[in-house]
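Worksheet: one structure, shown below.
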Amino acid sequence: MPVTNFSIPEKYEYLVGFDSYHQSEAHPCALPLAQNSPQKPPLGLYAEKLSGTAFTAPRHENKQTWLYRILPSCAHPAFEPVTAHNEAVETQHEKKHYIPNQLRWDPFDHDEHAEHDFVDGLKLVAGAGDPTLKQGIGIYVYACGRDMKEKEAYYSADGDLLLVPQEGGLDVRTEFGRMLVRPMEIAVLPRGVKYRVEIVGDGKKARGYALELYQGHFQLPELGPIGSNGLANARDFQAPKADFEEDYGATAQEGKNEWRIKVKFNNGLYETVQRHSPFDVVAWHGNYYPFKYDLGRFNTIGTISYDHPDPSIFTVLTAPSEKVGTAVADFVIFPPRWLVGEDTFRPPWYHRNTMSEFMGLIQGGYDAKKGGKGGFVPGGASLHNVMSGHGPDRDSYEGARQAELKPQKVGEGSCAFMFESCLMVGVTEWGLRRCRKVQGGYNKHSWEGVEVHWKGRNSQ
């Protein structure tokens, strides 16, 4: 059954479709009829446009949404820099180390003492580019042990955030409505959209991965000869339905009804206090909105004759660069799948890539790398930067080389993923040293013992 059996039950209803033009209203007749900005919008609301692209972007790329809200977003005092110690912010400004070595991390720590909410728990591991130029990416892990405060919200002006939960569910309230995002689901929170995160599930802790896209937006990959269906199908993406609260009391200056709004702006953190809830959107229509996707619905494609195809066939979402066919960021998964190739080395082959490959493991194991202590395990990660050789470790290679080639289903109960980028990424000081999770001798333990099978010049 191509739907994940989640341990955390769904709480909300959604609109469906990727890059669709949606409309939603949480109160009857809140949307104006046949226009966007009437002199007096219905129900005394304010009309506010949220632009995810330039006004003049080509129609097929244009991202805009009209929001109908109780008070406009600009009704707040000036933002001020957050000066308190915040390790999440500090990782943004650390020197990045650009190194050719293969890297692998043990599982990143949980927030065992409930010190961090989702925003404070984001740590930049690696990245490239500059959000002020709207170029590049940031690769994160997060670990949080408490909810964001009741009257607190956050948004990023730097880019779209792709969330990949690994443990614990996230109840994400956005201006557009609510989404429940669980392990084996992903979500995208677009640039500029305010949200608040609560933790859902046993243990009240959450851990996962994230990628911030400084340029463009994610889209579905082209299917080419695959045809009109396959990989991630557009109908399986879900967007929130309008949901609002009436909280617009006394002014913040009077010390009442204070909503704290935080913003990530050029990798710095700023905040303001306003008198009204940011979650006051009664209705909206457009094609720029948050969304989520169940990875269990991915329609995996593979060989039915011979040879392991390129891993691009596992692409869920892509963010193209200016060069056709080359991505600033691809999100790729390796879910359960059948292997039937004849006379074929079935795991991923040895590889050197002009792209950078950051991998994580949501659950289970990965068929090209051993698990266990010192291996590739859930909550951990690896980075194979531009042209750094990688591939199956010795034991995985020997096992696949000698395996009986009968139809085999691999990855049951497992899902690995990859953030792939055309950019050479640098690793932060936190990612390289201060997290204390980098595995020493990763390449030695994986590949220095690879056997010589060469039979000599005179072999037949």
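Amide H of ASP111: which non-local residues (sequence gap of 5 or more, or other chain) have their own amide H closer than 5 Å, using H built in the peptide plane?
So ASP111 has HN proximity to CYS144, ALA206.
If I take R0 = 41 Å and measure r between the Cβ atoms of LYS455 and MET387 in this structure, what FRET efficiency does the formula 1/(1 + (r/R0)^6) give, to the nearest 0.05?
Efficiency, rounded to the nearest 0.05: 0.90.
Roughly what % of Cα-Cα distances in segment 253-355 sit above 22 Å, to the whole percent?
Of all Cα-Cα pairs in segment 253-355, 62 percent lie more than 22 Å apart.
Quick query: amide H of LEU15 versus all other amide H atoms, modeled in the peptide plane; which residues come in under 5 Å with a sequence gap of 5 or more or a different chain?
Sorted by chain and number, the residues that satisfy this are ALA239, LYS241.
Can you pull the one-decimal nm distance between simple spin-label points at ASP109 and ARG433, each 7 Å off the Cα toward Cβ?
Between ASP109 and ARG433, the label points sit 1.7 nm apart.
What's the local net charge at LYS264, with K and R +1, D and E -1, over the other residues with C-beta under 9 Å away?
-1
Under the Karplus relation 6.51 cos²θ - 1.76 cosθ + 1.60, θ = phi - 60°, what is the ordered set of whole-Hz ³J(HN,Hα) values for segment 89-104, x standing for Gly and Pro?
6, 4, 5, 5, 10, 6, 4, 9, 9, 9, 9, x, 5, 5, 10, 9
Under 20 °C and 1.002 mPa s, how fast does segment 60-106 diffuse according to Stokes-Einstein, given a Kirkwood radius computed over C-alpha pairs? Answer in µm²/s, whole number.
Translational diffusion coefficient: 128 µm²/s.
Pick out, from PRO81, ALA34, LEU50, the residue whose Cα sits farthest towards the positive end of the charge dipole of segment 7-84, with +1 on the Cβ of Lys and Arg and -1 on the Cβ of Asp and Glu.
The residue sitting farthest along the positive end of the dipole is ALA34.
What pairs from LYS49/LYS292; LYS11/LYS40; LYS204/LYS292; LYS369/LYS406 go past 26 Å between their alpha carbons? Mind showing how you got there, number by number?
Details: LYS49/LYS292 22 Å; LYS11/LYS40 35 Å; LYS204/LYS292 21 Å; LYS369/LYS406 21 Å.
Correct reply: LYS11/LYS40.
If you take every residue apart from LEU339 with its C-beta less than 15 Å away from the C-beta of LEU339, what net charge results, scoring Lys and Arg +1 and Asp and Glu -1?
Taking every other residue near LEU339 into account, the sum is -1.
Protein chains only, probe 1.4 Å: how do LEU163, LEU423, LEU43 rank by accessible area, largest first?
Listed by decreasing accessible area, they come as LEU43, LEU423, LEU163.
Under 5 Å between amide hydrogens, which residues at least 5 positions from TYR214 or on another chain qualify, with H placed 1.01 Å from N in the peptide plane?
The list, which skips near neighbours in sequence, is GLY136, ILE137, GLY138.
Based on the alpha-carbon gyration tensor of segment 317-460 and its eigenvalue square roots a ≥ b ≥ c, which shape applies: rounded if a/c is under 1.5, prolate if not and a/b is larger than b/c, or oblate?
Judged from the Cα gyration tensor, segment 317-460 comes out rounded (a/c under 1.5).
Starting from the eigenvalues of the Cα gyration tensor, five times each then square-rooted, give me the equivalent ellipsoid semi-axes of segment 143-229, largest first, whole Å.
Ellipsoid half-lengths, sorted descending, are 26, 17, 11 Å.
Using the Cα centre as the reference, give the magnitude of the dipole from point charges on the C-beta atoms of the chain (Lys, Arg: +1; Asp, Glu: -1; all else neutral), rounded to the nearest 20 debye. Don't skip to the end; give the middle numbers.
Values: 50 positive and 58 negative charges, 120 e Å.
Here the size comes out at about 580 debye.
Sorted from largest down, what three extents in whole angstroms do the Cα atoms of segment 201-242 have along their principal axes?
46, 25, 25
Along each of the three principal axes of the Cα atoms of segment 16-170, give the extent in whole Å, ordering the values from largest to smallest.
So the extents along the principal axes, rounded to whole Å, are 58, 38, 35.
Give me the percent of the accessible area of segment 352-429 that comes from carbon and sulfur atoms, probe 1.4 Å, all protein chains in place.
49
Given a 1.4 angstrom probe, I'd like the percentage of the accessible area of segment 146-259 that is carbon and sulfur, rounded to a whole number.
Details: 1760 of 4130 Å².
C and S atoms contribute 43 percent here.
Using the Cα centre of segment 115-239 as the reference point, and only Cβ charges (+1 on K/R, -1 on D/E), how large is the resulting charge dipole? Debye, rounded to the nearest 20.
Roughly 140 debye for segment 115-239.
Explain nothing, just the number: relative contact order of the chain, from Cα pairs under 8 Å at least 6 residues apart, as a whole percent.
21
Which of the listed residues, ALA114, TRP430, SER277, is farthest toward the dipole's positive end in the chain, when Lys, Arg count +1 and Asp, Glu count -1 at the beta-carbon?
Most positive-ward Cα: TRP430.
Give me P(r) over the chain, computed from all C-alpha to C-alpha distances, binned every 10 Å, as integer percentages.
4, 20, 30, 25, 13, 5, 2, 1, 0
Given a 1.4 Å probe and the protein chains all in place, what does the accessible area of TRP430 round to, in Å² to the nearest 10?
30
What accessible area per residue, rounded to a whole number of Å², is obtained for segment 192-336 using a probe radius of 1.4 Å? Could you put the intermediate results ahead of the total?
Working: 5840 Å² over 145 residues.
Heavy-atom accessible area per residue stands at 40 Å².
List, in order, the whole-Hz ³J(HN,Hα) value for each residue of segment 155-165 obtained from phi through the Karplus relation with A = 6.51, B = -1.76, C = 1.60 and θ = phi - 60°; use x for Gly and Pro.
8, 10, 8, 8, x, 7, 10, 9, 9, 10, x
What number do you get for segment 97-190 when its Cα radius of gyration is normalised by 2.2 N^0.38 Å, N = residues?
1.19
Residues of segment 81-183: accessible area per residue at 1.4 Å, in Å²?
Each residue of segment 81-183 exposes 36 Å² on average to a 1.4 Å probe.
Using θ = phi - 60° and the Karplus relation 6.51 cos²θ - 1.76 cosθ + 1.60, list the HN-Hα couplings for segment 447-455 in order, rounded to whole Hz, with x at every Gly or Pro.
Rounded to whole hertz, the list is 10, 5, x, 4, 7, 8, 9, 4, 9.
When ligands, DNA and RNA are left out and all protein chains stay put, how many square angstrom of accessible area per residue does segment 337-392 have with a 1.4 Å probe?
40
The values are calculated or read from the model by the stated rules, or taken from the named source; none is laboratory data. Keep in mind that this is a model prediction, so the values were computed, not measured. No Cβ is skipped: glycine too gets one built from the backbone with ideal geometry, and neighbour counts run over all protein chains shown. Ligands, DNA and RNA are excluded from the accessible area calculation, which covers all protein heavy atoms including side chains. Shrake-Rupley method; radii C 1.70, N 1.55, O 1.52, S 1.80 Å.
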